[in-house]
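See structure below.
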Amino acid sequence: QVQLVESGGGLVQAGGSLRLSCAASGRIFSFNAMGWYRQAPGKQRELVARITSGASTDYADSVKGRFTISRDNAKNTLYLQMNSLKPEDTAVYYCNAEVTSRSGAYYYTNRYWGQGTQVTVSS
């Protein structure tokens with residue numbers, strides 16, 4: 001129904017930067033909220049940053065001051081600018097969105113996940 005595709009991951013040295021993108025497509029009426037999560041091997045998936053429809057943002061304490069979440073509504077795209085990267089940031093990063101779709105007079109809301117993009121930060 002709704003597809004989320006991440007891009008922009010890769011290998012970078014500590015202190016470097018990456019910009020992740022998440023492009024959404026499908027039957028989209030509105031986005032209730034969007035966020036970036038990450039999961040390192042052997043660890044639980046954790047919230048990195050999120051942005052609401054009103055553009056308010058929240059960040060994990062570990063990334064405050066280094067990461068910036070933003071969106072381009074016209075392109076249905078979510079971004080995560082990552083600066084001053086640390087080896088601890090190494091993980092698979094996932095895009096997540098709660099999307100309301102419309103079918104005739106019916107509206108329904110679901111949560112969707114992207115396939116993830118690998119970010120590796122070397123020392």
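The values are calculated or read from the model by the stated rules, or taken from the named source; none is laboratory data. This structure is a prediction, so every number in the text was calculated from the model and none was measured. Cβ sites come from the backbone with ideal geometry, for glycine too, and all protein chains shown count toward neighbours. What goes into the accessible areas is simple: the full protein's heavy atoms, side chains included, and nothing from ligands, DNA or RNA. Shrake-Rupley method; radii C 1.70, N 1.55, O 1.52, S 1.80 Å.
Figures for the structure shown
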quantity: Test result for VAL121, more than 17 Å from GLY16 (Cα to Cα) and open to solvent by less than 80 Å² (accessible area, probe 1.4 Å); calculated: no
quantity: Count of the range 71-110 residues which are surrounded by fewer than 16 Cβ atoms within 10 Å (Cβ to Cβ) and at pLDDT 95 or above; calculated: 6
quantity: Hey, VAL48 buried (at least 16 other Cβ atoms within 10 Å of the Cβ) and under 19 Å from SER123 (Cα atoms) or not; calculated: no
quantity: Residue within the range 47-58 that is touching an Asp or Glu at 6+ places or on another chain (Cβ under 6 Å), touching a residue at least 24 places away in the same chain (Cβ under 8 Å) and closer than 14 Å to VAL92 by Cα present; calculated: no
quantity: Strands (runs of 3 or more DSSP E) wholly inside the range 11-123 containing at least 3 residues that are farther than 19 Å from GLN1 by Cβ and of a type in the set (Ser, Thr, Tyr); calculated: 117-122
quantity: All positions within the range 24-42 that are modelled with pLDDT under 95 and either under 15 Å from the mean Cα position of the chain (by Cα) or open to solvent by 70 Å² or more (accessible area, probe 1.4 Å) (or both); calculated: ALA24, SER25, ARG27, PHE29, PHE31, ASN32, ALA33, MET34, PRO41, GLY42
